[in-house]
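Engineer: Next up is a structure, given as structure tokens.
Bear in mind these aren't lab numbers, they're just calculated from the coordinates by the rules spelled out. All values reported here derive from a predicted model rather than from experimental measurement. Methodologically, a virtual Cβ is constructed for each residue, glycine included, from the backbone with ideal geometry; neighbour enumeration extends over all protein chains shown.
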Amino acid sequence: MEPVLRVRRLRKHYGAGGGLVRAVDDVDLDVAPGEALAVVGPSGCGKSTLLHMLGALDRPDGGRVWLGGERIDRLSETAAARLRRRAIGFVFQAFHLVDELTARENVELPALLAGASPRAARRRAAALLDRVGLADRAGHLPAALSGGQRQRVAVARALVNDPGLLLADEPTGNLDTAAAGDVLRLFAELRAEGRTLVVVTHDARIAAAADRLITMRDGAFVDQTVFAPSGLV
Ligand SMILES: Nc1ncnc2c1ncn2[C@@H]1O[C@H](COP(=O)(O)OP(=O)(O)OP(=O)(O)O)[C@@H](O)[C@H]1O
Ligand SMILES: [Mg+2]
């Protein structure tokens, strides 16, 4: 089966000379359709840098990335934004919701930007907020929501354009155990639905729920554990 994501010799370095930081140092990766991949490693080892390049949020210094067979490592800003809207859902540690918009409006926004009619965006947002257990909070601003609720809104927003790939960077990093459990259950459901997930995490429960676990150190993959067949031959 063709991988959803194919990465070859991907590189991002910062600084120069003695101050050179090899944030991501020539890594190769294939992510199979429906695979749930967890990436772990110490602070500063390059996890976020990697994830940003996988999601066309950041441009590599070297190497190539294909998403669904399409090269995405040299896109213009506009093309990258369009691709992200259409094909990639992001969930961040700090939620990144728009403070001035209600939960429903936050979820609708990427759908509207992708060209959905207001009615269709509204319908999809309502269904997703219901799914994440927040139908009764749809009219609340983020400030009136708990951290766990904000993150569930962020997951709903990430799903609104039905992306083939969901990327999450420490999605439970700012949450207490109970709220993290809600997000974990949501990710387990998405995995069971066959969505492709790449999750950067310190949370052992999320890591243990993945199909495969990659450990990074100093910008490189130093260990890999496969928990379940990935479908890649
Ligand atoms: N914009 C930047 N300019 C300079 N150095 C950077 C920049 N972004 C990241 N780095 C460096 O690259 C390395 C990898 O950073 P990255 O944020 O990917 O780590 P991380 O594994 O996500 O860490 P954490 O677990 O703390 O989030 C770090 O040494 C960091 O200081
Ligand atoms: Mg990080």
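Engineer: Out of region 55-145, which trypsin sites (Lys or Arg not before Pro) are coil in DSSP terms and have no more than 14 other C-beta atoms within 10 Å?
Structural biologist: Values: sites: Arg64, Arg71, Arg74, Arg82, Arg84, Arg85, Arg86, Arg104, Arg119, Arg122, Arg123, Arg124, Arg131, Arg137; in loops: Arg74.
Sites meeting the loop and neighbour criteria: Arg74.
Engineer: Could you pull out the GluC sites (Glu not before Pro) across region 100-171 that fall in loop regions by DSSP (anything but H, G, I, E, B) with no more than 16 other Cβ atoms inside 10 Å?
Structural biologist: Numbers: sites: Glu100, Glu105, Glu108; in loops: Glu100.
Those that pass, being in a loop and sparsely packed, are Glu100.
Engineer: Just for region 138-233, what percent of DSSP beta bridges are antiparallel, to the closest 5?
Structural biologist: Details: 6 of 11 bridges.
Beta bridges within region 138-233, antiparallel portion: roughly 55 percent.
Engineer: Specify the inter-centroid distance of region 102-162 and region 31-81, based on alpha-carbon positions, in whole Å.
Structural biologist: 25 Å
Engineer: Treating only the Cβ of Lys, Arg, Asp and Glu as charged (+1, +1, -1, -1), what charge dipole size does the chain show about its Cα centre? Round to the nearest 20 debye.
Structural biologist: It comes to approximately 540 debye.
Engineer: What percent do you get for the relative contact order of region 36-152 when only Cα pairs under 8 Å and 6+ apart count? The partial results should precede the final answer.
Structural biologist: On the way: 86 pairs, mean separation 22.6, N = 117.
With pairs under 8 Å counted, the relative contact order is 19 percent.
Engineer: Using only alpha carbon pairs under 8 Å that are at least six residues apart, calculate the relative contact order of the chain and give it in whole percent. Spell out each step's value before the answer.
Structural biologist: Details: 475 pairs, mean separation 67.9, N = 233.
Here the relative contact order equals 29 percent.
Engineer: Mind checking the dipole of region 64-120: about its Cα centre, +1 per Lys or Arg Cβ, -1 per Asp or Glu Cβ, Debye to the nearest 20? Present the calculation step by step, with values, prior to reporting the outcome.
Structural biologist: Numbers: 9 positive and 7 negative charges, 73 e Å.
My answer is approximately 360 debye.
Engineer: Right, next: Compare the Cα positions of Ile214, Phe187, Val200 along the charge dipole of region 177-217 (+1 at Cβ of Lys, Arg; -1 at Cβ of Asp, Glu; about the Cα centre) and return the one farthest towards the positive end.
Structural biologist: Ile214
Engineer: Å³ per residue of the Cα convex hull, for the chain?
Structural biologist: Details: hull volume 29.7 nm³, N = 233.
Expressed per residue, the convex hull around the Cα atoms of the chain is 127 Å³.
Engineer: Roughly how big is region 9-57's charge dipole about its Cα centre, with Cβ charges of +1 (Lys, Arg) and -1 (Asp, Glu), in debye to the nearest 20? Kindly include the intermediate steps, with their values, before the conclusion.
Structural biologist: Numbers: 5 positive and 5 negative charges, 48 e Å.
Charge dipole of region 9-57: 240 debye, to the nearest 20.
Engineer: Something else about it: Only helical DSSP H runs with n ≥ 4 go in: add -39500 (n - 2.57) per run for the chain, normalise by residue count and round the 222 nm mean residue ellipticity to 500 deg cm²/dmol.
Structural biologist: On the way: 7 runs with 78 residues, N = 233.
The helix-only estimate for the chain comes to -10000 deg cm²/dmol at 222 nm.
Engineer: Quote the FRET efficiency, to the nearest 0.05, computed for Val226 versus Asp61 with a Förster distance R0 of 41 Å and r equal to the Cβ-Cβ distance.
Structural biologist: Details: r = 29 Å, r/R0 = 0.71.
Once the sixth-power term is evaluated, E becomes 0.90.
Engineer: Return the percentage of antiparallel bridges among DSSP beta bridges fully within the chain, rounded to the nearest 5 %. Kindly include the intermediate steps, with their values, before the conclusion.
Structural biologist: Details: 21 of 39 bridges.
Antiparallel: roughly 55 percent of the beta bridges in the chain.
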